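Enquirer: Okay, handing you the structure first.
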């Protein structure tokens, strides 16, 4: 606890600390969106025809779709897709052979972010080995530990490399969880996605280290559209981390990503996110529009997918990491802390679709709203007919800090099987005055006391994070809520 | 000129603007009314629009003397001893004085038809009619306002406590038009108190004749310190498609308590919109639905807490058999600066069959921080341990089931404050449960 508080203290006085931008030579597509652009991106990436087909199909479908505005508790202007640059990549000087050849400016960028691409320490004092795939704007720049992983048969590389090197796997799994026509933003991503990470864990392999993707938006006027595909074959296990930051800009930048997870029989995938896109300033100017489709499928029996997310950034968050529980006895989990401050808006939650027998799911969502922000939980639990003895427990708590913010809960519960047991609880309240008083009485200042209480409130979720992330997440919480106390 | 004409015109415009709620409507997500109309369009010219009275093109006619006798006999089946002594009979929305009886009404209680009120209490009507149900908020409110036929007008004057319960018998017959828009207005003045029971029943020559759509709207106004208990029994209305909206306005220190017990009807949608527009109010919403066959029952509640220091409670329970569908969509809305609100909501459902479906959407939308709001929802089957306990004590499976289901339902029924009504409801529920269990 002592350490946690120190961490919070360190952060007091700090604002969004990833707000700088780097001067890297960029290769960008012309502004706007058309079939030409889709072809341009595909060509740029030297993609095979089937990939282009996939993109065009999604694009043509997207043209027919409407922006989903009628249900989300969000308020934002219509996005002008003709004012976005759909492809931006650091200019490659030549084929990269070793880390020495990477643009030093790029390396500096990632070092500034606290992510050393030189394959070792991640946080001072914490010795750890994490394989990182670094994605800047639209393109994966470097994947570390590739060789070590390859020894075990694990494939961990950028999505573009995977398209070239493992087309069979991509063809088989891409779009199998989130079809190219799934929803408005997924269709958009399927048409223009530029890169991302691909990960395949073969049968019976337990991935020896955490895999991680770090996303960074850098260029001005661009959107970021990456996709991640994780496949865990029979009995495999992997823990995957995702982090993201962006510079402070007055304009709103669009981020529309897709994450697909496939878990075969007895496989387990744990996906953790610390989302820290630039949230905009106090008056709501600038910030990232984060429209993300994340979905996993427990394809085989006894498989498990677990989502953990800490959402602190973005002007707008629209994100519902879901699990389709198809295999019998499969397990889905969703742990979330969503923090909104100032003018931020978040509409986030999950979907648990029970299809197999004896499937179980757990949802723990902790929302914290401060300033003039709005924070909504929106989650669906569906028990299909034939999903006998399915079990779900959901808990959604909201904490309100200040009297100008909003906290909302919109659960959807659809049950078609009588043997199911589904429970949902939600509470909304503020930080108990008695708790603050108790701390004050023992000499803990109000600000510290609130940090303490918030940390305790989120503990259930933070405990799910891998250690390095948990520390970072706690720091983030403190920064995000700074100035909202009192 | 009348005030009704322009009102109806505005409502019609609002309806045309909104149209029937489709599949994309969040509010009608689980109850698509499109299928009730089977593609039939509602054209403004098809009914006497901009009518300045409540006798819209003379659509709903008063039954003949002969029919009245028949009806009187048929209605005996729905009498509740100790409640029906003071009764108001509405046939297809038309107030039938011949069948109504109000022997125990104290001075200050006004009960008449809307049409009657339009001539006798015009200023009251003009002041309150359609002032609370927002035609822009829901297409069925708009539709009702545009076409509202006759209905009940009731006013309890300042300080009057009505000692006896008033029973409204809401009768739908074969003669009702395909789309029946009924309307009620109930006013409780300062410190007035009254208990009202409303039974909705179908009286029909043939079984399951209904198939018409009834769109009813009641506006209830509770002035300062008034207290209204409003019990709704939706029983014996097989074949009925009902969209029922109750729009309530609560003023300071008022107390509103309502029960919606749905045991019958093909497609039932109950909208309960409560606007709590002043401090120190209390609101209690209770509901019970026991469905079978292909019944569809949707309870939709909205408690709009606009001012601080109020309390609201919601308890909804459902028992679903066969291929029936149950929906509960409850929303607690706490406005900015409406501090010190305690608002609770609980929804529990038991599924008796694998073909039954329940969709629950409990929502909290909170803009004030010093509040205590919560909702809980659970769905399951009968507790196996409890069943085992009862079976091990020698109860047959049937009686064990009956006992557990009855206990489940009694949480709601026990909160009925009128003793004879509680007994009556218990009786109806036991009968229905027996039927479901034996199958």
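Enquirer: Among (1) more than 29 Å from residue B:437 (Cβ to Cβ); (2) within 7 Å of chain A (Cβ to nearest Cβ), there is one condition residue B:342 misses while meeting the rest; what is its number?
Expert: (2)
Enquirer: Check residue B:398 against each of (1) within 18 Å of residue B:332 (Cα to Cα); (2) free of Cβ contacts under 8 Å to residues at least 60 places away in the same chain and name the one condition it does not meet.
Expert: (1)
Enquirer: Hey, could you check segment A:399-412 for residues that are assigned to a strand (DSSP E or B) and at the interface with another protein chain (Cβ under 7 Å from one of its Cβ atoms) and say which is nearest to residue A:363 (Cα to Cα)?
Expert: Just the residues of segment A:399-412 that are assigned to a strand (DSSP E or B), to begin with: A:399-400, A:406-412.
Remaining after also requiring at the interface with another protein chain (Cβ under 7 Å from one of its Cβ atoms): A:400, A:406-412.
Details: A:400: 20, A:406: 21, A:407: 18, A:408: 16, A:409: 13, A:410: 13, A:411: 11, A:412: 13 Å.
My answer is A:411.
Enquirer: Could we say that residue B:430 is touching a helix residue (DSSP H, G or I) at 6+ places or on another chain (Cβ under 8 Å), surrounded by 14 or more Cβ atoms within 10 Å (Cβ to Cβ), more than 7 Å from chain A (Cβ to nearest Cβ) and not in a loop (DSSP other than H, G, I, E, B) here?
Expert: yes
Enquirer: Against the condition on the phi < 0 side of the Ramachandran plot, buried (at least 23 other Cβ atoms within 10 Å of the Cβ) and more than 7 Å from chain B (Cβ to nearest Cβ), how does residue A:384 come out, does it pass?
Expert: no
Enquirer: Scan segment A:335-349 residue by residue and report those that are in contact with a strand residue (DSSP E or B) (Cβ under 7 Å, 6 or more places away or on another chain) and within 13 Å of residue A:284 (Cβ to Cβ).
Expert: Listed by number, the residues that qualify are A:340, A:345.
Enquirer: If you check residue A:375 against the conditions, is it within 22 Å of residue A:278 (Cα to Cα), in a strand (DSSP E or B) and within 11 Å of chain B (Cβ to nearest Cβ)? Spell out how you get there, then give the answer.
Expert: Values: within 22 Å of residue A:278 (Cα to Cα): yes; in a strand (DSSP E or B): yes; within 11 Å of chain B (Cβ to nearest Cβ): yes.
Criteria met by residue A:375.
Enquirer: On to the next question. Report those strands (runs of 3 or more DSSP E) wholly inside segment A:172-271 carrying at least 2 residues which are within 23 Å of residue A:335 (Cβ to Cβ).
Expert: Hits in segment A:172-271: A:195-201, A:210-216, A:226-232, A:237-245, A:258-263.
Enquirer: Being surrounded by fewer than 24 Cβ atoms within 10 Å (Cβ to Cβ) and more than 30 Å from residue A:266 (Cα to Cα) is the filter here, so list the residues in segment A:330-348 that pass it.
Expert: Listed by number, the residues that qualify are A:342, A:343, A:347.
Enquirer: Looking at residue A:389, is it without any contact (Cβ under 8 Å) to a residue 60 or more places away in the chain, more than 9 Å from chain B (Cβ to nearest Cβ), in a strand (DSSP E or B) and touching a strand residue (DSSP E or B) at 6+ places or on another chain (Cβ under 9 Å)?
Expert: No.
Enquirer: Only one of these is surrounded by fewer than 15 Cβ atoms within 10 Å (Cβ to Cβ) and either closer than 20 Å to residue B:297 by Cβ or modelled with pLDDT of 85 or more (or both): B:38, B:23. Name it. Step through it out loud before you land on a result.
Expert: Working: B:38 fails: either closer than 20 Å to residue B:297 by Cβ or modelled with pLDDT of 85 or more (or both).
Criteria check complete, one pass: B:23.
Enquirer: Please count how many residues of segment A:420-461 are crowded, with 22+ Cβ neighbours inside 10 Å, more than 23 Å from residue B:369 (Cα to Cα) and more than 14 Å from chain B (Cβ to nearest Cβ).
Expert: Going through segment A:420-461 one residue at a time, the tally reaches 0.
Enquirer: Right, another one. Please go through segment A:59-109 and give me each residue that is modelled with pLDDT under 65 and outside any helix (DSSP H, G or I), ordered by number.
Expert: A:92, A:93, A:94, A:95, A:96, A:97, A:98, A:102, A:103
Enquirer: With within 19 Å of the chain's Cα centre (by Cα) and either at the interface with chain A (Cβ under 9 Å from one of its Cβ atoms) or farther than 13 Å from residue A:412 by Cα (or both) as the only criterion, which of B:350, B:319, B:366 stands out? Before the answer, list the steps.
Expert: Working: B:350 fails: within 19 Å of the chain's Cα centre (by Cα); B:366 fails: within 19 Å of the chain's Cα centre (by Cα).
After applying the criteria, what remains is B:319.
Enquirer: I would also like to ask the following. In this structure, is residue A:184 over 20 Å from residue A:55 (Cα atoms), modelled with pLDDT of 90 or more and touching a strand residue (DSSP E or B) at 6+ places or on another chain (Cβ under 9 Å)?
Expert: no
Enquirer: Another question, if that's okay. Quick one: would you say residue B:389 is within 11 Å of chain A (Cβ to nearest Cβ) and more than 17 Å from residue A:418 (Cα to Cα)?
Expert: For residue B:389, the condition - within 11 Å of chain A (Cβ to nearest Cβ) and more than 17 Å from residue A:418 (Cα to Cα) - is not met.
Enquirer: Give the residue that is modelled with the lowest pLDDT, with candidates limited to residues of segment A:223-244 that are under 23 Å from residue A:83 (Cβ atoms) and surrounded by 24 or more Cβ atoms within 10 Å (Cβ to Cβ).
Expert: For segment A:223-244, the residue satisfying everything is A:244.
Enquirer: Of these, B:377, B:353, which one is crowded, with 23+ Cβ neighbours inside 10 Å and at pLDDT below 95? Quick ask: steps written out before the conclusion?
Expert: On the way: B:353 fails: crowded, with 23+ Cβ neighbours inside 10 Å.
Of the residues listed, the single one that is crowded, with 23+ Cβ neighbours inside 10 Å and at pLDDT below 95 is B:377.
The values are calculated or read from the model by the stated rules, or taken from the named source; none is laboratory data. Predicted model only: the values in this text are computed from it and were never measured. Neighbour counts are summed over all protein chains in view; Cβ atoms, including those assigned to glycine, are modelled from backbone coordinates with ideal geometry.
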